[in-house]
Amino acid sequence: MDTSFTEENYLKAIYHLSADESKQVNTNQIAMVLNTKAASVTDMLKKLSGKNLINYERYQGVELTDSGKQIALKIIRKHRLWEYFLVEKLAFGWDEVHDLAEQLEHIQSPELVDRMDKFLGFPKYDPHGDPIPDQSGTIKCVEMKSVAALNAGDAGIISGIKEHSSSFLQYLEKMDLKIGKKILVEEVIPFDETVILRTENGGKINISKAAAKHILINYEQL
């Protein structure tokens, strides 16, 4: 089925929102993510419903059909493979690739995507730790926990980042909190919930609760 760039962006947004909320998505949520008006969202939802890509009833929320979910996963697969390619092969920073991948994800060539996947060695995760769907659209979900949800003595390896803005990724780069880094929560300050981390080389890093919410780890209790 042929879909426009705009339609693909809507399907991807609905997929991400439904994954985060584990429920039907409403018009205002979509409008906020896509930075558009609610009336425009309603028009597009009617169009996508007519193509059987979403189930939509006004005031009842939106969910992807199986067809809509498959298209969304193909777009996400392309986006994350392009991010990996840009970082690993063209030496872009992990804070520079999101907007570029947003443009490249709409290339309509399954053969190009599959060849790139093979060329890259079939990576499982993008530079931000997000799983890359395989050729069939299967996505491997790993249970992760935000640093903000941990207690003193908890530890793990940084495996995902929820916030992909350039400013936040640059902040993590400056603090040396990158994917693959092992950290231990040494203390959580009760007054403002500042989290004091100890890194594998013995260094200490203080981060806010707001920042800790966006850093995900593979959880292990020490």
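The values are calculated or read from the model by the stated rules, or taken from the named source; none is laboratory data. In this text, all values refer to a predicted model and were calculated from it rather than measured experimentally. Quick reminder, even Gly has a Cβ in these numbers, built from the backbone with ideal geometry, and neighbours come from all protein chains shown. These accessible areas exclude ligands, DNA and RNA; they are computed on the full protein's heavy atoms, side chains included. Shrake-Rupley method; radii C 1.70, N 1.55, O 1.52, S 1.80 Å.
General observations
- LYS140 being touching a Pro at 6+ places or on another chain (Cβ under 8 Å) and within 15 Å of ARG80 (Cα to Cα): yes
- Filter result for the condition that a residue is modelled with pLDDT of 95 or more, under 23 Å from ASP126 (Cβ atoms) and hydrophobic (A, V, I, L, M, F, W, C), over LEU53, LEU90, LEU17: LEU90
Residues checked against (1) without any contact (Cβ under 8 Å) to a residue 12 or more places away in the chain; (2) more than 29 Å from ASP114 (Cβ to Cβ); (3) open to solvent by 80 Å² or more (accessible area, probe 1.4 Å):
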position	(1), (2), (3)
TYR15	no, no, no
ALA31	yes, yes, no
TYR59	yes, yes, yes
LYS78	no, no, no
PHE92	yes, no, no
